[in-house]
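The values are calculated or read from the model by the stated rules, or taken from the named source; none is laboratory data. The structure presented is a predicted model; accordingly, all values stated were derived computationally and were not measured. In this analysis, Cβ positions are derived from the backbone assuming ideal geometry, glycine residues included, and neighbour counts consider all displayed protein chains.
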Amino acid sequence: MNESEKKAKYEFLVKFSKSNSITAFRKLCSKVLKKSRCAFLDSDYRPVNFVGKECNHLRLGKYLARLKSSPLREYMVFKCSCNRVCLSFPVIQGSSVYGHVLFIHLKKEPRKSIIDAVRIFMDLALKEFQKEQELTKLYETIRPRAIALSTIHTIHRLLSSTLNMDELIERIARLTLQVMRSRHCSIMLLDESRKYLIPKAIINLDKEIPKTDPQYKKIKLGVKLEGKVAKTGKAVFGRNVVCVPLVEEDVIGVISARDKTNDAPFDKFELEILITLAEQAVIAVKNAQMYEEQEKMAYGSIKTLAALLDSKSPNTFTHSDQFVKMVLALAEAMKLPREDIANLHYAALLPDTGKFSIPDEILKKPGSLSSKEYDIIKKQHLESLKIIEHLEFLKPAMPIIRHHHERYDGAGYPDGLKGDSIPPGARIMAVANAFEAMISARPYKGKKISISQAIKEIEKNKGTQFDPETVDAFIAATNNPEFENIVRL
Amino acid sequence: MNNIKSFFKNNTAKKILLFFNENPNCIDTAKGISLWIGSDTGLTQKCLNQLVKEGVLTSHQTASTSAYAYTNNKAVVKNIEKYIKNIL
């Protein structure tokens with residue numbers, strides 16, 4: 001038997017002597033032998049785990065070793081140096097003797113039937129211990145993997161909840177720092193030429209890295225660690241760094257983590273985690289890229305439609321760029337969800353499509369309208385909206401376009417909606433629309449007034465024509481110098 | 001941050017800290033963590049929020065998911081590790 005086998009057997013015996021199955025074995029033995037304490041000796045009769053004080057077990061072990069030169073495969077009843085009865089019982093696994101259990105200072109020599117019972121107890125204890133061992137092994141190997149799997153699942157949920165690229169990249173970087181327990185993380189994506197890596201997010205726990213930092217300079221493919229990983233498509237794993245490629249058919253970028261927070265080296269388990277995280281990140285990045293492209297296409301279609309309408313009658317169906325900026329600034333100030341802001345953006349590009357089939361003489365009539373003319377406007381407003389209702393991506397923006405002529409007190413059109421039943425985007429557009437009309441010089445909209453007068457007018461109609469909350473946000477926004485730049489037409 | 005000892009007075013918080021000390025790479029939801037530590041989800045959620053407030057854990061929030069992870073603060077992690085070694 002070589003040293004490693006001896007060591008393995010010794011370790012087995014140590015674990016066995018401390019296991020729950022031995023506790024049960026002792027209880028059973030105490031019934032038949034009237035002795036619950038036992039000691040363990042290894043196959044060389046060296047003490048393993050002392051339980052008992054009556055005798056010097058080490059000496060006893062040596063005594064036993066002298067009695068038998070080879071490991072005992074059978075039980076042995078003998079008298080120790082103090083001339084009292086002892087029982088040695090082998091611990092056998094398969095064909096090997098792992099050691100012995102020793103019952104010391106028994107009251108009398110045990111009968112054969114008792115020895116048989118102890119043998120059965122030992123077999124049971126060994127079987128139980130094997131089960132315990134298997135369970136422990138399962139716990140030690142499967143639990144960390146299950147936790148890692150759950151972590152990856154959580155990361156997937158966190159990443160798939162945004163389609164905004166900047167937000168997503170930042171989130172991937174933060175999650176990488178978290179799971180890798182690292183102080184530094186960077187995410188770089190290949191540019192369109194596929195010759196350079198563009199750093200998209202660099203996070204260092206010790207200091208904030210501004211986008212102007214040299215670390216944000218693009219890296220040529222094949223240069224530096226990240227460039228090499230992007231070029232070869234193979235992960236690199238070192239003591240203080242792990243860098244893995246982001247692969248979706250081709251390499252689209254790299255993600256790297258450096259310097260663990262506890263200064264320990266990265267291990268293979270962490271490399272495995274980062275590879276899995278990178279796989280999740282690639283899917284999320286691709287989805288965000290596709291969404292960005294779709295959004296660009298949608299904006300392109302809307303702008304084309306707006307240009308077409310504008311060519312028919314300039315400034316009738318669309319509004320100025322300032323109007324769009326003002327609407328978006330108000331939406332930001334009111335902390336509308338990102339998705340709602342995107343829909344509001346669409347609506348702001350085509351606010352007055354509803355005027356399309358309204359006759360010019362009514363549309364451009366200076367002064368107030370007759371009730372008959374007003375009825376035509378209400379009817380035609382809904383008719384005209386049918387032009388854009390086939391554009392699927394505009395569906396969420398339709399209620400905003402439809403209702404931005406509603407008044408907060410319910411006196412607006414087309415449906416006479418009141419208060420909070422008017423979509424928030426439409427309430428924002430109503431304020432911006434009225435404001436723009438007052439400060440711009442359009443022949444059919446009456447006399448142009450100053451910005452301060454227009455603000456006063458908006459405030460005057462708070463709670464009647466306009467939503468009070470929107471007006472408050474508008475007033476607050478007008479104090480912002482940036483907003484002033486937006487509204488200067 | 002409160003005295004580390006005080007976190008260990010609450011049994012659920014103690015289980016959470018033992019869990020993160022053993023699995024520092026983990027990020028999971030309150031439901032997931034309650035499963036790993038064998039505690040009630042509501043109690044776990046409450047303790048997680050408290051530990052986030054104390055700077056022992058960090059939370060990653062999105063509209064649909066709230067996930068929790070161990071702090072990256074080296075000193076805090078070291079102190080907790082030391083305390084756990086003493087009590088076990």
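List of remarks:
- Single residue of B:53, B:74 found to be basic (Lys, Arg) and more than 9 Å from chain A (Cβ to nearest Cβ): B:53
- Residue match in segment B:3-19 (condition: touching a Lys or Arg at 6+ places or on another chain (Cβ under 6 Å) and within 14 Å of chain A (Cβ to nearest Cβ)): no
- Yes/no for residue A:158 being within 14 Å of chain B (Cβ to nearest Cβ) and not acidic (Asp, Glu): yes
- Meets criteria (more than 17 Å from the chain's Cα centre (by Cα), in a loop (DSSP other than H, G, I, E, B) and more than 14 Å from chain B (Cβ to nearest Cβ)) for residue A:198: no
- Flag if residue B:58 is within 13 Å of chain A (Cβ to nearest Cβ), in contact with a Ser or Thr (Cβ under 8 Å, 6 or more places away or on another chain), over 27 Å from residue A:266 (Cβ atoms) and of a type in the set (Val, Ile, Thr): no
- Residue within segment A:350-373 that is of a type outside the set (Phe, Trp, Tyr), crowded, with 17+ Cβ neighbours inside 10 Å and modelled with pLDDT of 75 or more present: yes
- Odd one out for residue A:136, checked against (1) away from every other protein chain (no Cβ under 14 Å); (2) surrounded by 13 or more Cβ atoms within 10 Å (Cβ to Cβ): (2)
- Any hit, segment A:217-232, residues being in a helix (DSSP H, G or I), touching an Asp or Glu at 6+ places or on another chain (Cβ under 9 Å) and not aliphatic (A, V, I, L, M): no
- Checking each residue in segment A:105-122 for being surrounded by 10 or more Cβ atoms within 10 Å (Cβ to Cβ), touching a residue at least 12 places away in the same chain (Cβ under 8 Å) and either hydrophobic (A, V, I, L, M, F, W, C) or at negative phi (or both) picks out A:106, A:107, A:109, A:110, A:114, A:115, A:117, A:118, A:119, A:121, A:122.
- Inclusion of residue A:165 among residues that are away from every other protein chain (no Cβ under 12 Å) and farther than 30 Å from residue A:73 by Cβ is warranted.
- Given (1) within 14 Å of chain B (Cβ to nearest Cβ); (2) of a type outside the set (Asp, Glu); (3) free of Cβ contacts under 8 Å to residues at least 12 places away in the same chain, index of the condition residue A:180 fails: (3)
- Taken over segment B:75-88, the criterion of being out of contact with any Leu (no Cβ under 9 Å at 6 or more places or on another chain) and free of Cβ contacts under 8 Å to residues at least 24 places away in the same chain is satisfied by B:75, B:78, B:82, B:85, B:86.
- Selection from segment B:13-32 of residues that are crowded, with 18+ Cβ neighbours inside 10 Å and over 9 Å from the mean Cα position of the chain (by Cα): B:23, B:24, B:25, B:26, B:27, B:28, B:29, B:30, B:32
- Matching residues, segment A:421-472, being assigned to a helix (DSSP H, G or I), β-branched (Val, Ile, Thr) and modelled with pLDDT under 85: A:439, A:451
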